1. Scan segment 470-496 residue by residue and report those that are aliphatic (A, V, I, L, M) and either surrounded by 19 or more Cβ atoms within 10 Å (Cβ to Cβ) or assigned by TED's automatic domain parsing to the domain that holds residue 137 (or both).
2. Need pairs with beta-carbon distance below 9 Å; first residue without any contact (Cβ under 8 Å) to a residue 60 or more places away in the chain and within segment 458-470, second among the aromatic types (Phe, Trp, Tyr) and assigned to a helix (DSSP H, G or I); sequence gap 6+ or separate chains.
3. Restricting to segment 353-384, and then to whatever is aliphatic (A, V, I, L, M), touching a residue at least 24 places away in the same chain (Cβ under 8 Å) and in a helix (DSSP H, G or I), can you tell me which residue is nearest to residue 324 (Cα to Cα)?
4. In segment 35-51, how many residues are surrounded by 19 or more Cβ atoms within 10 Å (Cβ to Cβ) and either assigned to a loop (DSSP other than H, G, I, E, B) or small (Gly, Ala, Ser) (or both)?
5. For segment 196-240, enumerate the residues that are in a helix (DSSP H, G or I), at pLDDT 90 or above and either in contact with a His (Cβ under 9 Å, 6 or more places away or on another chain) or under 21 Å from residue 339 (Cα atoms) (or both).
6. Of all residues in segment 180-190, which are of a type in the set (Gly, Ala, Ser) and exposed (fewer than 13 other Cβ atoms within 10 Å of the Cβ)?
7. On the given criteria, is residue 177 surrounded by fewer than 20 Cβ atoms within 10 Å (Cβ to Cβ), under 30 Å from residue 326 (Cβ atoms) and without any contact (Cβ under 8 Å) to a residue 40 or more places away in the chain?
8. Give me the pairs, please: first residue somewhere in segment 279-307 and at positive phi and surrounded by fewer than 23 Cβ atoms within 10 Å (Cβ to Cβ), second residue anywhere and outside any helix (DSSP H, G or I) and of a type outside the set (Phe, Trp, Tyr), beta-carbon distance under 9 Å, and either six or more positions apart or on two chains.
Amino acid sequence: MSVERILVLNLTRFGDLLQTSPTIAALAELHPGARITVAAERNFAAVCEGIPGIDRLYRVDLDRLGTLVLEGGERLLDAHRFVRDVVDELRAMRFDVALNFSSSRMSAVLMGLLGIPDVRGWTMTSDGFRAIRHPWARLFAANCLNRRLAPFNLVDSYRSMADAPTGPDRLLYAVPDAARTFASELLASGGARAGERLVALQLGASRDTRRWPTASFAALARVLQEAGLQVVLVGGSSERALALEVARDLARPPIDACGRTDIPGLGAVLERVDLLVTGDTGPMHMAAAVGTPVVALFFGPALPFDTGPYGRDHVMLHAAAPCAPCDHSVTCLNPFCRDWLTPELVARAALARLGGDWDDLARAARAAAPVRIYRGRFDASGYHLCEDVAGGAPSASDVLRWAYRATWLACLRGAALPEPFPAGIDTGPFAAFVELALVGLETCSRMRGALARDDVAALASLGEELEGVDRRIARVGTVHPDAAPIAQVFQFGKENLEDDAVAGLLARTEELYRDLARTAATLRALLGGAAEGKARGNAALR
């Protein structure tokens, strides 16, 4: 099918929108001549004006919709009209393909109402049930529920949902000339001297537990100033108080840009500095998009493996606490892990990155336990990875993440498998998945026989048996967290089964059990499980 009109829906924050930029570039290359429309939340849509490849920007005013719903009463009719108008306007654009990168129920309902032939990501079936379409979308959803083992950067998950084999190896944002002029004047008025190196500090975060302490930023700023660097403070207007607190005890006033930049202005300031030190924030992604090196701090719910800065040679420090990552819905009463990232360690990492001294960064990493330090790289398949600069023995989570990554790349992209890495990890749950998949396939075979005989009673009985197999698969994933991603992907696949004929449903069901056997057997083999596990999994494919 010829693709002429593409919709990309992302109703999240501006950092997430920046993370779609490689996918948009890849779509433009994959479908030359196609018009790409991005639907974004009104408050953050301005960042899309700097993302190359977007032909049309559609702003969705979620604040207005929320206000109408909360007011209730007759205002609910206005909310209905608002949604109807959005649906009518988007339907009129007659999209051939849509990618929904927002996992909310609202975005799924919206996608279900648009009637687009090819939807990847979250949508709604004709009878009102959630559907997650495309294997990479289901994998992404499963990884969001099992983030400890998430093996792919969000950018690569987006790109893979678009079926783009390759894409840019960095985020993309075009800084306007007017913003560059503004940034030059702002930095000069703040005291920046010609030729001196600038380090920006992003002080805030979306939640307090995701924010590095202000006292730590102040101590870091002192070390940087002692090294002859000028400090630039960046953030929104809500972070002005933080900036004043950081600046209070510094020998030289920093350049305070907090609350003084719009999105293009922020991009221009970050383009001018030599380094950004930040938590897991939108400005982190903006710095990566304008080509500025990043030293990113990860603690609490933040992980470098899935939301780290996308690109080469960014540095990521992760406070690898046993309880990491926190669940986003949990407020930690004792966020001790952020204190593991000491100002001295962060300063050493920043100075090493500025000087390109990877050897010193490796020495710092070897002495930094339990903090892990990573360097952004790309593998042979073009997928981003976090390389442990210490080069020590991998943890059990590291090995599992590596095995999942290799398995999904082999099963979804046809990549070659690496050599096994026996690590003493219990592979029993993966063997159980293989056995259960074989039982599921055998039950499907019996159902085919009953279908041929038109034996409705036997079909019903065998359907109950199959449900029992699925419950056992879910139980293995629940009892064994290391195996949970496989069970979750299988469950999402079952939820997405659609066909008008029983024979068609059976064929799709058999495909799911074959996929389960293949992935489980591959994981078991990569982790040093018995060779017959892989052999039995391969037998299930024939």
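1. 473, 476, 483, 484, 486, 487, 489
2. 469/513; 470/490
3. Here the residue is 365.
4. So the answer is 6.
5. 214, 215, 216, 217, 218, 219, 220, 221, 222, 223, 224, 239
6. Residues satisfying the conditions are 188, 189.
7. Details: surrounded by fewer than 20 Cβ atoms within 10 Å (Cβ to Cβ): yes; under 30 Å from residue 326 (Cβ atoms): no; without any contact (Cβ under 8 Å) to a residue 40 or more places away in the chain: yes.
When the stated conditions are applied, residue 177 does not pass them.
8. 291/170; 291/311
The values are calculated or read from the model by the stated rules, or taken from the named source; none is laboratory data. None of these values were measured; they are calculated from a predicted model. Glycine gets a Cβ as well: all are built from the backbone with ideal geometry, and neighbour counts include every protein chain shown.
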